[in-house]
Structures are given as C-alpha cells and as structure tokens.
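No value in this document is a laboratory result; all are computed from the given coordinates. Everything numeric in this text was worked out from a predicted model, so none of it was measured. Neighbour counts run over all protein chains shown; Cβ positions are idealised from the backbone, glycine included.
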C-alpha cells in the first residue's frame, strides 16, 4: 500500500530533523559536520573512481558506528533523557514552581544587595564545565538559596546549578567569557554568567552585590536591570516548554524588544 512508505518516510524525516536540531545545540555539532564532510568526500571518490581514497574512507566508516557511540555518548544520553521527560502538565508545573522560587530569592537578595549567581540547567550537562562545585542535592527554596549566598556562608562564593526543582551544586566556578568588547564596569560575576551562557543553553540569573541589580544571561547575551516581573516573564518564556512553539517564539520576540535597551550584546 502506498500510505505505508509515506508514513515511514514522514516519521524518519521528523526523527532526523529533531535529532539534528538537538545536536545543533550541543558540542557534538562540529563532530557531526566533520562526518558529513567525510561522507561527501566518499561520494566524490566514488564518482571519480579514486580507488585508494575510497578504500581508506570505507575503512574509516567501517568503524564509524563505534566512533559515533564514543563521541556522541553525552548527547545520546541527554537525548534519551529528554525523550523520557517530554513536556507534561506535571513538568510544566514543576518549572513554574522553580521560576517562582528563583524570582522570590532574587527579589529578597536584591533588596539587601547580596550577590547571587544561579545557572538553570536545560539540555547541556553543566557539571562538565564548572569547577570546584560542592554537591548539595536539595530542594530549591528561597530560604535555601538565600542561605547559600549569605556572605558569611562558607559556600557563598561562586554559582549555583539548579536542575529541575533541585539545587544540584553550589560554590561552582563558571567559565569566564573571553570577549573584549564588554563594559569595564562588569565584574567577574557578570562575565561568568556570559561565559557559561556562551558555552551552554543554560539561563543564568544574577544579582549584583554592588547595586542589587537583577540580570540574566542567555546565549551569550546579558540583560541588566530587570524587575521581578520581567524576570518572571523571561524565565517563563525560556524554560517552560509547550507545544505552542509559534506563540512561544512570538512572546520571546516581544519580550526581547522590550528589554533591548538593557541588553549588553
């Protein structure tokens, strides 16, 4: 029957598309491009009948299955975990509760000018990029976050990694951005927030110790001087995954236009 091949091709096309979109946001994208280049070279050698190069490439691709498993092990693990955590009402409720915890914490810390740095993990595993993190593994609450960042606390320096509704690590050292075009007034906390957001898809929320200003960094952009309501809108747009992707994109674009003057690009 004709409909069966059509269904099969459609499922394969959708699967390949989503896998490519997932890998594109990871560090394995460059490796995948390299494999595609070699595959193109193999096609050229077959077309031009370049026997030696064709033999060498075929030998390489003979071991490519093992190479893919080794090179893409972190990405495959995260992809399978993501498939097991598809958006649901429970997941969305958990994210909204975490957002409220962060907004309440930031509001209190901002009022008393206590510095804070919180990285909200999404698809990228942040534990591979941070240093000297102290395992915490406790429920994320405003009281716990305020306690961690209190100046006399032994682990108040560095950043916190939030996974779902839990605080995974504290006192983490995030990679600093290497950009030279940033304002000289930006301190280490802001540069660490930008640096981590450049290398991962994490949303990094921070509070300035000097001014109490609330900011966030995402995809290498730093937006400063947010109100609690603006922060809540940003986190809801970036973190809450829904099936209404078009509406979500439109909401994000409108929000970015409102915050454009506050962005340190």
- prompt: Hey, rough spin-label estimate for residue 221 and residue 38, points 7 angstrom out along Cα→Cβ, what's it come to in nanometres?
  reply: 3.7 nm
task: Which order do the peptides 42-55, 159-172, 7-20 take when ranked by the mean count of other beta-carbon atoms within 10 Å per residue, highest first?
output: 159-172, 42-55, 7-20
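Quick one, what does Rg over Rh come out to for region 116-221 if you take C-alpha atoms and the Kirkwood Rh? Can you show the working numbers first?
Working: Rg = 12.8 Å, Rh = 13.7 Å.
With Rh from the inverse mean 1/r over Cα pairs, Rg/Rh is 0.94.
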statement: 1/(1 + (r/R0)^6) with r = Cβ-Cβ of residue 157 and residue 92, R0 = 35 Å, i.e. FRET efficiency to nearest 0.05, evaluates to 0.55
- request: Note the full-extension length gain between residue 173 and residue 2 as 0.36 nm times their separation in residues minus their Cα-Cα distance, in nm to one decimal.
  value: 55.9 nm
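So how much slack lies between residue 132 and residue 70, counting 0.36 nm per residue of separation and subtracting their Cα-Cα distance, in nm?
Numbers: separation 62, 0.36 × 62 = 22.32 nm, distance 2.63 nm.
Gain on stretching residue 132 to residue 70: 19.7 nm.
If I stretch the segment between residue 141 and residue 13 completely, what's the gain in nm (0.36 nm per residue apart, minus their alpha carbon distance), one decimal?
Working: separation 128, 0.36 × 128 = 46.08 nm, distance 4.22 nm.
Using 0.36 nm per residue and subtracting the Cα-Cα distance, I get 41.9 nm.
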message: For the ranges 219-227, 117-125, 232-240, what's the packing order if you count other beta-carbon atoms within 10 Å of each residue, average per peptide, and put the highest first?
response: 117-125, 232-240, 219-227
- prompt: Going highest first, how would you order 95-108, 133-146 by mean Cβ packing within 10 Å?
  reply: 95-108, 133-146
- prompt: R0 = 51 Å: FRET efficiency of residue 56 with residue 111, Cβ-based, nearest 0.05?
  reply: 0.20
